[in-house]
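The values are calculated or read from the model by the stated rules, or taken from the named source; none is laboratory data. The shown structure was predicted, so the numbers you read here are calculated from the model rather than taken from an experiment. Cβ placement follows ideal geometry from the backbone for every residue including glycine, while neighbour counts extend to all protein chains displayed.
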Amino acid sequence: MTADRDWRRAAASRFRPDGIIGTPFHRRAARSSATPWYFNWDLCHVVDVYDDFHAELGAIRTNVAMGDMSPLCKVMIAGPDARRLVDWLITRDTANLRPGGIYYTPWCNGDGRLVSDGLLFRTAEDAYLFTGDPTHDWFTSQAEGYDVTITEQTDALGILAVQGPRSREVMEAATGVDGLDLDFSRLGRFEIGGVEVDVARQGFTGEHGYEILTPVGAGDLVWDAVAEAGEPLGIRPCGEWAIDVARVEAGLLIPGPDYANAGPDVTGSHTVSASDPAFRSSPFELRMGRFVDLYGGDFVGRDALVAEQEAGGPPRALVGLDIDWRAIVDAHLSDGVAPNVSPRVEWVAKPVTCGDRTVGRASSITWAPTVGKLIGFGHLERELAEPGTRVAVTWDIPGTGRSIPAPARVADLPFLALRRS
């Protein structure tokens, strides 16, 4: 087994010793942005809002938008034993994953707690690409005795997401392929802007969409070609704010804010919950049970997950929360504080109570314009997981030292109908 790092890691963080960098699309994204607002995503600065967050989210939901997802970490596992190692790492059986196929999958530690989750691309017979949170060190720690090479690819590939109901029309125009026929979770090779790229029928918004894996150095060409193809349809660039809200509306989790990474890699999220052992979770707790093949072969954490299921399942369950924003606004006003109720996703968890007991936590709370509600994820005692159950989210009133139990109701996930297929 050999391991190759394309960048050096500082002792206590994943930030490059030589500072923050731009993605392959940085020049075009910066030129398209009318605001000074950027988002510090791991090793990169990406545009947070181009001009109007609401319009950008609206384009994702009703038309088409393009966004830079390049900072997602990417790790390639290749070699004669690549499939055997991947089968050991992930909770799914890869027997039916052919080259060009994509799996969404969790991967766990020996205790059955998530190290991370993300997409697995089978790019060739003996090569697999993972995208998600940092996992290079974890994969390397599990690879002893396997004839594979593990390569960090984060800086080598950009990801341009094209998302929304009209995304297929844009991609047909960009690729020059009429009737573009790419099933959900499939990977295809196309030419965009004179560049050979891999296109995945995937996305992180809940909408029909694509992710364009672009070689470093070709970002300008691909961005320009997609923007030109989408111009007649009114395509908009969308920033990370809109993408983050879209993923919560679609019921999609991210490591760090929504669960603690149980592996050795320093997480890309810089929240307290990202490294709090109390927030480590099993896939069954996080509604990922359909992506766990307990009896398809051995994998890291399988014995622990079997034991969890035989004991009746995890003690907590992931639910949606519909939070009474009016009660929060009233509390602000009564204290003379201007209300500003989660216009963007709050990554710091809040306690959830039922009566006088703390029964879990709320994560990824945000105002969701698409559904007109204040929503979030609840990680609650499983007895409270029934939709309609009344709980309360502990809400701090800034500058007062006071908090209120904001009324909330358990809701179904996702918060809107997914239209990915």
>> Quick check on segment 105-115. Is at least one of its residues farther than 27 Å from E308 by Cβ, touching a helix residue (DSSP H, G or I) at 6+ places or on another chain (Cβ under 7 Å) and crowded, with 24+ Cβ neighbours inside 10 Å?
In response: no
> Restricting attention to segment 355-393, which residues are among the basic types (K, R) and either without any contact (Cβ under 8 Å) to a residue 12 or more places away in the chain or in contact with a helix residue (DSSP H, G or I) (Cβ under 8 Å, 6 or more places away or on another chain) (or both)?
Replying inline: R357, R361, K373
>> For segment 46-70, which positions are touching a residue at least 12 places away in the same chain (Cβ under 8 Å), surrounded by fewer than 18 Cβ atoms within 10 Å (Cβ to Cβ) and either farther than 16 Å from G206 by Cα or not assigned by TED's automatic domain parsing to the domain that holds E240 (or both)?
In response: D51, H54, A55
> Of all residues in segment 377-410, which are within 23 Å of E249 (Cα to Cα), in a strand (DSSP E or B) and among the hydrophobic types (A, V, I, L, M, F, W, C)?
Replying inline: F377, L380, V391, A392, V393, W395, A406, A408, V410
>> For the structure I just gave you, tell me whether L305 is modelled with pLDDT of 95 or more, part of a helix (DSSP H, G or I), buried (at least 17 other Cβ atoms within 10 Å of the Cβ) and not assigned by TED's automatic domain parsing to the domain that holds F415.
In response: yes
>> Could you check segment 138-166 and list, in sequence order, the residues that are among the acidic types (D, E) and modelled with pLDDT under 95?
In response: E152, D155
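Restricting segment 77-104 to residues that are assigned to a strand (DSSP E or B) and either under 16 Å from Y295 (Cα atoms) or among the small types (G, A, S) (or both), which is nearest to the chain's Cα centre (by Cα)? Step through it out loud before you land on a result.
First, pick out the residues of segment 77-104 that are assigned to a strand (DSSP E or B): 77-78, 90, 101-104.
Checking which are either under 16 Å from Y295 (Cα atoms) or among the small types (G, A, S) (or both) leaves us with 78, 90, 101.
Details: A78: 24, I90: 17, G101: 19 Å.
Filtering first and then ranking leaves I90.
Can you tell me which residue in segment 206-255 is surrounded by the most Cβ atoms within 10 Å (Cβ to Cβ), limited to those that are aromatic (F, W, Y) and closer than 30 Å to F415 by Cβ?
Step one: filter segment 206-255 for residues aromatic (F, W, Y), giving 210, 223, 241.
Cutting the leftovers down to closer than 30 Å to F415 by Cβ gives us 210, 241.
On the way: Y210: 25, W241: 21.
Among those residues, the one meeting the criterion is Y210.
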